[in-house]
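The values are calculated or read from the model by the stated rules, or taken from the named source; none is laboratory data. Note that the structure is a prediction, hence the values are computed from the model and not measured. Note that we place each Cβ from the backbone using ideal geometry, even for glycine, and neighbour counts take in every protein chain shown. To get the accessible areas, we keep the full protein, side chains included, count just its heavy atoms, and leave off ligands, DNA and RNA. Shrake-Rupley method; radii C 1.70, N 1.55, O 1.52, S 1.80 Å.
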Amino acid sequence: MRLLVLGGTHHVGRAVVETALARGDDVTTLTRGVSGPSAPGALALRADRTDPASLRAALGDGSWDAVIDTWSGAPAVVRDAATLLRDRAGHYGYVSSRSVYQWPIPAGLDESGPVGDDGSADYAAAKRGGELAALEAFGGRALLARAGLILGPYEIVGRMPWWLGRIERGGDVLAPGPPERPLQFIDCRDLAAWMLTAAGRGIGGVFNTVSQPGHATMAGLLEAAIRVTGSSARLVWVAPEVIEAAGIEAWTELPIWVPPSGEAAGLHDGNVAAAYAAGLSCRPVAETIAATWRWIQAEGYPPARPGTGLDPEKERQVLESLPG
């Protein structure tokens, strides 16, 4: 395909570009050029997408078989790009999020679930606004990939990098239980491959794009991290009620994890039958963790984000309070 990637220097965008190039696609990227280098082999265009004139100038009169857009900010930016490209591209793939569903997201929710308002006030509203912008311009030629938790190399959000860094330090590690807690996530490379295949097949519509529930467990994920780092860390499993009593926030202070009950439990229990029927497949968790570690070893840890990860002193206090 002749592919235009709006973005392409980190996480999903970078995975899309690398996967497309490996497939033999003719890849053009459009970025600001400030968050990382373009992939060798891709034609790199530069523009500030928040400036419609800059966008028009950079794209010129080019045309493409497909566009993939990873934008997470103001929906007007998606609207401007999609409107400009609707007669110059055959397909528009938008990386959205299951966050667009009304909170709390119930277990087993499929694509028919109620969604929140569109707008730009927060991430979920911005993604919903982006969806509507893509649909308005491309209609049935738009693919809305409502991703769940995205892991894998190039993850600048820092969830799995935090766990790898913590385990690399060694010692007793507060591991949020239960160990068999089912997880649902997608490797950015699997998301990229599926979106590219869908573009080539002309698949449009809305899909929850994440693994089957229970694709991995919390124990499987953390044990894989111990193996790849070669760490002597010891996992100390702590019950959800102890974590809650200590005032530790699920998902942020303990990235990836949410308790198996409560309003956040549905984050790891979405219905993905439609995406799997359309060809989605997800690699084993061990491959995702190993690739993330290789990326960190090659390029370093991403900058820490405030609020991501558990303070060492808080971790120590909880571990010391445990019986035995």
Of Ser96, Ser63, Ser72, which is the most mobile in a GNM of the chain whose springs link Cα atoms less than 10 angstrom apart?
Ser63
List Val272, Val242, ordered by accessible area with a 1.4 Å probe, largest first:
Val242, Val272
Rg (one decimal) and Dmax (whole number) from the Cα set of region 78-212, in Å, equal 17.2, 58
Charge-dipole axis of the chain as Lys and Arg at +1 and Asp and Glu at -1 on Cβ define it, positive-most pick from Ile203, Tyr276, Leu85
Leu85
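Suppose every Lys and Arg Cβ carries +1 and every Asp and Glu Cβ carries -1, with no other charges. What dipole size does the chain come out with about its Cα centre, to the nearest 20 debye?
Result for the chain is approximately 780 debye, rounded to the nearest 20.
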Rounded, prolate or oblate (a/c below 1.5 giving rounded, otherwise prolate when a/b exceeds b/c) for region 203-276 by Cα gyration tensor
oblate
Considering all projection directions equally, how large on average is the shadow of the alpha-carbon convex hull of region 1-82, in square nanometres?
4.8
Find the relative contact order for the chain and round it to a whole percent, using C-alpha pairs within less than 8 Å whose residues are 6+ positions apart.
18
With only Lys, Arg, Asp and Glu charged, each at its Cβ (+1 for the first two, -1 for the last two), find how big the charge dipole of region 173-324 is about the Cα centre; round to the nearest 20 debye.
580
Cα-based Rg of the chain per 2.2 N^0.38 Å, rounded to two decimals?
1.01
Helix 159-169: angle to the longest alpha-carbon principal axis of the chain, degrees 0 to 90, nearest 10?
40
Of all beta bridges DSSP finds with both residues in region 1-111, what is the antiparallel percent, to the nearest 5?
5
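If packing is taken as the average number of other Cβ atoms within 10 Å across a peptide's residues, how do 7-13, 233-239, 314-320 rank, most packed first?
With the highest mean Cβ count within 10 Å placed first, the list reads 7-13, 233-239, 314-320.
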Cα-based Rg of region 183-324 per 2.2 N^0.38 Å, rounded to two decimals?
1.21
By the Cα gyration tensor axes a ≥ b ≥ c (a/c under 1.5 gives rounded; else a/b larger than b/c gives prolate, otherwise oblate), the shape of region 106-145 is oblate
When the charge dipole of region 107-180 is computed with +1 on Lys and Arg Cβ and -1 on Asp and Glu Cβ about the Cα centre, the Cα farthest towards its positive end, among Leu144, Ala125, Leu164, belongs to Leu164
Can you say what percent of the DSSP beta bridges in the chain, counting only those with both residues inside, are antiparallel? Round to 5.
10
When the convex hull of the Cα atoms of region 98-176 is projected onto a plane and the area is averaged over all directions, what value comes out in nm²?
7.6
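Expressed as a rounded percentage, what relative contact order does region 11-95 have, with Cα pairs under 8 Å and six or more residues apart?
Over region 11-95, the number comes to 23 percent.
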Going from most exposed to least, what order do Asp87, Asp190 have by accessible area with a 1.4 Å probe?
Asp87, Asp190
Contact order relative to length for region 176-324, counting C-alpha pairs under 8 Å separated by 6 or more residues, stands in percent at 35
